[in-house]
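Engineer: Below is one structure. I have some questions about it.
The values are calculated or read from the model by the stated rules, or taken from the named source; none is laboratory data. If you're wondering where the values come from, they're calculated on a predicted model, not measured in any experiment. Methodologically, a virtual Cβ is constructed for each residue, glycine included, from the backbone with ideal geometry; neighbour enumeration extends over all protein chains shown. Ligands, DNA and RNA are stripped out before the accessible areas are found, and what is left, the full protein with its side chains, is counted by its heavy atoms. Shrake-Rupley method; radii C 1.70, N 1.55, O 1.52, S 1.80 Å.
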Amino acid sequence: AASPTSVMKRSESVLDTMPEALRQSRYHMKKCFLKYVEKGKRMMKLHHLMQEMETVIEDKDEKAQLLEGLLGYILCTTQEAAVVPPYVAFAIRPNPGFWEFVKVNCNDLSVDGITSTDYLKFKEMITDETWANDENSLEIDFGAMGFNLPTMSLSSSIGNGVSFTSKFITSKLHGQSGSQLQPLVDYLLSLNHQGEKLMINDNLSTVSKLQAALIVAHASLSTLPNDTPYQSFEHRFKEWGFEKGWGDTAERVRETVRFLLEVLQAPDPINLEAFFCRVPNIFNVVLFSIHGYFGQSNVLGLPDTGGQVVYVLDQVVAMEEELLLRIKQQGLSFKPQILVVTRLLPDAKGTKCNQVLEPVLNTKHSHILRVPFRTEKGILRKWVSRFDIYPYLKKFTQDASAKIVEMMEGKPDLIIGNYTDGNLVASLIANKLGTTLGTIAHALEKTKYEDSDMKWKQLDPKYHFSCQFTADMIAMNSADFIITSTFQEIAGSKDRPGQYESHESFTLPGLYRVVSGINVFDPKFNIASPGADQTVYFPYTETPKRFTTFQPAIEELIFSKVENDEHIGYLEDKKKPIIFSMARLDTVKNITGLTEWFGENKRLRSLVNLVVVAGFFDHSKSKDREEMTEIKKMHLLIEKYQLKGQIRWIAAQTDKNRNSELYRCIADSKGAFVQPALYEAFGLTVIEAMNCGLPTFATNQGGPAEIIVDGVSGFQIDPNYGNYSSNKIADFFQKCKEDPGYWNRISEGGLKRIYECYTWKIYANNVLNMGNIYAFWKQLNKEQKEAKQRYIELFYNLHYKNLVRTVPITSDEDNPAPVSK
Ligand code: UDP
Ligand code: LCN
């Protein structure tokens with residue numbers, strides 16, 4: 001174990017500790033570094049560094065001692081190293097969001113600290129030495145445009161942008177004279193709905209006038225019964241200079257007035273946030289989700305069409321509901337409007353993606369608006385992969401923007417983008433219209449492909465990452481706020497950098513070097529996790545609501561002995577609890593891993609049966625190489641471990657209602673859901689299972705590690721340690737046998753967690769609060785924002801546009817095979 005001194009040293013910088021660490025085992029280290037540089041220039045990941053170290057140090061004890069010491073710690077926090085003899089440059093990440101760079105000279109083991117930019121140059125030397133050494137190579141530095149803006153400093157604050165921004169706004173509003181508060185008054189004066197003034201009119205144009213009027217109003221409201229409708233004192237209010245929007249009842253108006261009075265007296269973040277959450281400034285919202293087939297039925301499973309569609313549609317329903325509630329509580333009667341703008345696809349393949357306007361189900365005022373892609377040859381009929389979408393976006397932006405303004409009879413109040421294409425278009429339109437912009441990118445592509453930045457030239461013909469990363473940075477930097485589903489999406493976990501974190505500093509050798517792309521400590525980052533549709537995914541205990549009509553079919557699905565196109569395998573002992581999993585049959589989802597764990601673990605097999613919903617059974621019918629391999633592997637495992645009698649493998653299911661009942665039937669068996677993915681960004685199935693009251697075991701790699709509190713609301717398993725994971729599942733079922741209340745406690749713990757943190761109601765409330773706070777912050781920070789926008793425009797015009805020219809424009813005559821999801 002580490003001694004107290006080495007623990008102390010671990011809190012110091014690597015630059016301070018590394019020389020000493022190398023000195024401690026100089027003999028081995030010398031050999032080790034010579035080995036590293038032996039093969040010349042190259043990139044090394046942590047496992048390469050470790051592997052080669054192991055070959056150099058033969059003695060097991062010495063190796064163990066070394067790895068337990070400081071050097072082991074430094075190596076474990078190393079992400080990668082760039083070898084340019086005689087140097088090995090290390091990129092070290094001691095904690096999420098914190099990086100350090102050092103170079104070690106292999107000859108004398110001297111250690112020097114280097115900047116992130118120097119580190120990038122080391123990397124570039126490996127692929128493009130001339131460019132790396134060129135003093136005029138293009139450097140992109142978004143940080144330079146916001147040097148005097150606030151950033152947070154604690155890892156634990158990452159993703160809590162709204163509360164930090166409120167604090168910062170508060171400090172800006174502070175001052176002796178009160179003049180610092182004038183921007184707040186000006187902001188309130190600017191509020192209107194289609195020209196109709198809200199909150200205050202020009203009679204209250206200064207802080208002192210507003211404050212005086214508020215004091216009078218507050219006193220007069222105190223004499224009224226709480227439920228007095230606004231209309232009964234509206235007249236008096238108007239005389240004092242107030243307009244509608246303060247609330248629907250005397251009680252609510254009084255509270256709103258009070259919050260503002262507190263802020264005017266001495267600004268504090270709590271009252272400021274409380275006040276801004278009530279300010280009526282969002283009525284019309286536009287969301288962009290462009291690629292794929294965006295529709296409400298028969299679309300899931302089509303290329304590039306997956307979780308995003310579910311996420312956006314569920315989001316719209318929740319947002320409309322929240323908007324209606326807020327507007328009512330503001331004492332207003334306006335109708336909100338939400339538009340989801342996507343691509344119109346004339347080749348709709350039996351979906352409704354060729355319809356211009358489609359009402360969103362379960363909403364009153366929300367629509368999908370489809371705008372076609374146009375080229376010189378006219379409207380493009382066919383589907384285009386998200387990787388090839390860039391050439392159509394400029395025209396799409398113009399057409400969509402005109403259509404939105406026409407339909408909304410004015411500008412929207414909030415624009416939200418999804419994914420690279422949606423975010424880029426959203427940022428261009430928001431900039432043009434001056435609208436507050438939020439962006440979402442649950443799946444940035446950069447981290448999905450190893451070294452996608454360094455290898456951009458090689459990958460560009462297929463993926464066009466140069467366009468994608470450029471577009472992503474434009475959107476991130478334009479955004480007033482960024483919505484993420486988990487902390488790890490922003491800043492990763494202990495071992496894995498976050499998606500946004502990977503855009504902090506990186507290089508596309510030969511193109512540009514990003515010395516500051518986005519800072520994860522930027523207060524624009526906010527975590528707002530999605531939920532699951534609770535009208536569908538509800539607890540198994542809510543018997544009267546249950547979709548009993550599906551139960552016979554589900555009974556057949558799980559328990560019949562028949563093998564057919566929909567299910568194979570069978571369950572011998574029907575009384576045993578069931579462990580259940582459902583996912584696409586991708587390698588990363590690791591359904592085969594779970595099957596193998598189950599096969600290996602006799603104890604688990606004696607306690608439960610396994611049921612999986614995934615893919616289908618005939619690999620020759622799959623177009624996806626990964627899927628084919630997984631299908632074959634499933635068959636092999638069933639054979640190898642003689643699983644028939646204990647496993648039921650069911651083909652992919654598309655009916656959301658039936659699926660929800662399936663989760664509940666598994667709960668009836670006192671079973672559990674297992675999500676064994678090697679990596680999972682968020683994990684909607686985890687949320688769905690927990691909503692149904694089904695105890696859930698989920699991967700600790702990615703989002704689910706944040707969703708589940710281990711042992712309280714479910715369990716975390718480690719996909720890299722199957723034995724440990726399967727035993728953890730077996731322990732649970734063993735314990736349930738001994739203590740029947742245990743299963744219920746975990747089931748209830750899961751539900752409690754969901755209701756506290758993962759509902760669409762919480763999501764919509766959070767996102768609208770962001771819209772309110774950042775709209776004001778944008779105003780307060782106008783000059784800065786404009787300066788940065790000019791830089792972004794330059795980047796867009798001089799660089800992005802040229803990159804787009806490298807992407808071929810397809811025509812309806814060409815017929816290339818679609819890229820599968
Ligand atoms: N799903 C489904 N049928 C299947 C597999 C998955 O309907 O055969 C649904 C599942 O209920 C969930 C979504 O697809 O709503 C998968 O979302 P998740 O975040 O778990 O993974 P993704 O596929 O988006 O990576
Ligand atoms: C859905 C898809 O189909 C993919 O193209 C995206 O990467 C994903 O959502 C994330 O937005």
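Engineer: Any residue in the stretch 737-751 that's touching a residue at least 40 places away in the same chain (Cβ under 8 Å): show its pairings with residues that are open to solvent by 50 Å² or more (accessible area, probe 1.4 Å) and of a type outside the set (D, E, K, R) at Cβ separation under 9 Å, as long as the two are six or more apart or on different chains.
Structural biologist: As it stands, the answer is 746/712; 747/541; 749/709; 749/712; 750/712, since those pairs meet every condition given.
Engineer: Scan the stretch 203-228 for residues that are without any contact (Cβ under 8 Å) to a residue 24 or more places away in the chain, within 22 Å of residue 332 (Cβ to Cβ) and within 44 Å of the chain's Cα centre (by Cα) and jot them down.
Structural biologist: Answer for the stretch 203-228, where residues must be without any contact (Cβ under 8 Å) to a residue 24 or more places away in the chain, within 22 Å of residue 332 (Cβ to Cβ) and within 44 Å of the chain's Cα centre (by Cα): just 228.
Engineer: Another question, then. Which condition does residue 489 not pass, out of (1) in contact with a helix residue (DSSP H, G or I) (Cβ under 6 Å, 6 or more places away or on another chain); (2) of a type outside the set (A, V, I, L, M); (3) open to solvent by less than 10 Å² (accessible area, probe 1.4 Å), if it passes all the others?
Structural biologist: The failed condition is (1).
Engineer: Quickly run through the stretch 297-333 and pick out the residues that are of a type in the set (Gly, Ala, Ser), within 11 Å of ligand 1 (Cβ to nearest atom) and assigned to a helix (DSSP H, G or I).
Structural biologist: 307
Engineer: Would you mind stating whether residue 729 is open to solvent by less than 20 Å² (accessible area, probe 1.4 Å), among the β-branched types (Val, Ile, Thr), more than 21 Å from residue 577 (Cβ to Cβ) and part of a helix (DSSP H, G or I)?
Structural biologist: no
Engineer: Residues that are among the hydrophobic types (A, V, I, L, M, F, W, C), at least 3 per element: which strands (runs of 3 or more DSSP E) completely within the stretch 352-446 meet that?
Structural biologist: 366-372, 414-418
Engineer: Return yes when residue 627 is within 16 Å of ligand 2 (Cβ to nearest atom), touching a residue at least 40 places away in the same chain (Cβ under 8 Å), buried (at least 16 other Cβ atoms within 10 Å of the Cβ) and not in a strand (DSSP E or B) and no when it is not.
Structural biologist: When the stated conditions are applied, residue 627 passes them.
Engineer: If you take the residues in the stretch 652-674 that are within 10 Å of ligand 1 (Cβ to nearest atom) and open to solvent by 10 Å² or more (accessible area, probe 1.4 Å), which one is farthest from residue 307 (Cα to Cα)?
Structural biologist: That would be 658.
Engineer: Search the stretch 293-307 for residues being modelled with pLDDT of 90 or more and within 12 Å of ligand 2 (Cβ to nearest atom), and hand back the single one that is surrounded by the most Cβ atoms within 10 Å (Cβ to Cβ).
Structural biologist: Only one residue tops the list, namely 294.
Engineer: Please give the number of the condition residue 330 fails out of (1) within 26 Å of residue 253 (Cβ to Cβ); (2) polar (S, T, N, Q); (3) modelled with pLDDT under 95.
Structural biologist: (3)
Engineer: Quick check on the stretch 698-725: of everything there that is touching an Asp or Glu at 6+ places or on another chain (Cβ under 7 Å) and open to solvent by less than 20 Å² (accessible area, probe 1.4 Å), which residue is modelled with the lowest pLDDT?
Structural biologist: 702
Engineer: Let me ask something additional. Could you figure out which of (1) within 16 Å of ligand 2 (Cβ to nearest atom); (2) part of a loop (DSSP other than H, G, I, E, B); (3) buried (at least 23 other Cβ atoms within 10 Å of the Cβ); (4) among the hydrophobic types (A, V, I, L, M, F, W, C) isn't true of residue 287?
Structural biologist: (2)
Engineer: A further question follows. I'm trying to understand the selection: among the residues of the stretch 662-684, which are outside any loop (DSSP other than H, G, I, E, B), within 28 Å of the chain's Cα centre (by Cα) and either within 15 Å of ligand 2 (Cβ to nearest atom) or among the hydrophobic types (A, V, I, L, M, F, W, C) (or both)?
Structural biologist: Matches in the stretch 662-684: 662, 672, 673, 674, 680, 684.
Engineer: Give me the pairs, please: first residue somewhere in the stretch 437-453 and of a type outside the set (Val, Ile, Thr), second residue anywhere and part of a loop (DSSP other than H, G, I, E, B) and more than 15 Å from ligand 2 (Cβ to nearest atom), beta-carbon distance under 7 Å, and either six or more positions apart or on two chains.
Structural biologist: So the pair list comes out as 437/479; 437/480; 438/479; 438/480; 446/453.
Engineer: Could you tell me which numbered condition residue 357 fails, if it satisfies all but one of (1) surrounded by fewer than 19 Cβ atoms within 10 Å (Cβ to Cβ); (2) touching a Ser or Thr at 6+ places or on another chain (Cβ under 7 Å); (3) at pLDDT 95 or above?
Structural biologist: Of (1) surrounded by fewer than 19 Cβ atoms within 10 Å (Cβ to Cβ); (2) touching a Ser or Thr at 6+ places or on another chain (Cβ under 7 Å); (3) at pLDDT 95 or above, only one is false for residue 357: (2).
Engineer: Confirm whether residue 426 is under 21 Å from the mean Cα position of the chain (by Cα), away from ligand 1 (no atom under 16 Å from the Cβ) and open to solvent by less than 10 Å² (accessible area, probe 1.4 Å).
Structural biologist: The answer is yes for residue 426.
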